[in-house]
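The values are calculated or read from the model by the stated rules, or taken from the named source; none is laboratory data. This structure is a prediction, so every number in the text was calculated from the model and none was measured. Quick reminder, even Gly has a Cβ in these numbers, built from the backbone with ideal geometry, and neighbours come from all protein chains shown.
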Amino acid sequence: MVIERSLVIDSTPSFCQARVLILGVGNVLFGDDGFGPAVVEALLNDYAIPDDIYVMDVGTGVRKLLFTLILGDTYPNEILIVDAVDWGDQIGNVKIISADQLPATKIDDFSLHQIPTSNMLRELQEHCQVDVNVVVCDVGELQQRIEPGLTDLTAQAVGTASKKIATKFSLEPL
């Protein structure tokens, strides 16, 4: 008598299975470009994150993660990207925008100094039915040399952004 056993392993990454996915984007080695990772750190340190919300510092690797999401068959209900921008607004200005409000210029290009991969975010929103929003902080022109640490205005904006996110998702302070 032969007994067959099959082992089915769900290889879907846990971040794909979350109801909400919060991604901090940026390079902490280039000053204010580290805004996104700093917000993620503040959220993880200051708020109770429920099991259905996945918070991750993706550094400069957001494109690979977005590809994984687009190619999969399981999606979060909402993705929130947190990133630094230079849009000519007041330095430290934080706002939440929808993916369809992202500038349409250079959407096929990827730069560490612009909103990452706008076309992929729109693809997730339009074709995968994922609500995609972006928390942006205008930091002015990003420095081109290695110099870790946020400027004072951007550091203050980290608190503003984390509070906006906490309010949006009803996160309880620790």
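Within segment 129-140, can you find the residues that are more than 15 Å from N27 (Cβ to Cβ), part of a loop (DSSP other than H, G, I, E, B) and touching an Asp or Glu at 6+ places or on another chain (Cβ under 8 Å)? Spell out the reasoning first.
Step one: list which residues in segment 129-140 are more than 15 Å from N27 (Cβ to Cβ), which gives 129-136, 138, 140.
Narrowing the set further to residues that are part of a loop (DSSP other than H, G, I, E, B) leaves 129-130, 140.
Matches in segment 129-140: V130, G140.
Where the second residue is surrounded by 15 or more Cβ atoms within 10 Å (Cβ to Cβ) and of a type in the set (D, E, K, R) and the first is closer than 18 Å to V134 by Cα and modelled with pLDDT of 95 or more and lies in segment 12-30, which pairs have Cβ atoms under 7 Å and are six or more apart or on separate chains?
Taking only residues 6 or more apart or on different chains, the pairs are V20/E78; G24/D57.
List the pairs whose first member sits in segment 147-172 and is modelled with pLDDT of 95 or more, whose second member is surrounded by fewer than 14 Cβ atoms within 10 Å (Cβ to Cβ) and assigned to a strand (DSSP E or B), and whose Cβ atoms are under 6 Å apart, counting only residues at least 6 apart or on separate chains?
E172/A48
Please determine, by comparing only the residues of segment 17-48 that are more than 12 Å from the chain's Cα centre (by Cα) and not in a helix (DSSP H, G or I), which one is nearest to N77 (Cα to Cα).
R19
What number of residues within segment 147-174 are loosely packed, with under 14 Cβ neighbours inside 10 Å, in contact with a helix residue (DSSP H, G or I) (Cβ under 9 Å, 6 or more places away or on another chain) and not in a strand (DSSP E or B)?
So the answer is 3.
Out of (1) over 12 Å from the mean Cα position of the chain (by Cα); (2) in contact (Cβ under 8 Å) with a residue 12 or more places away in the chain, the odd one out for D51 is which?
Failing condition for D51: (2).
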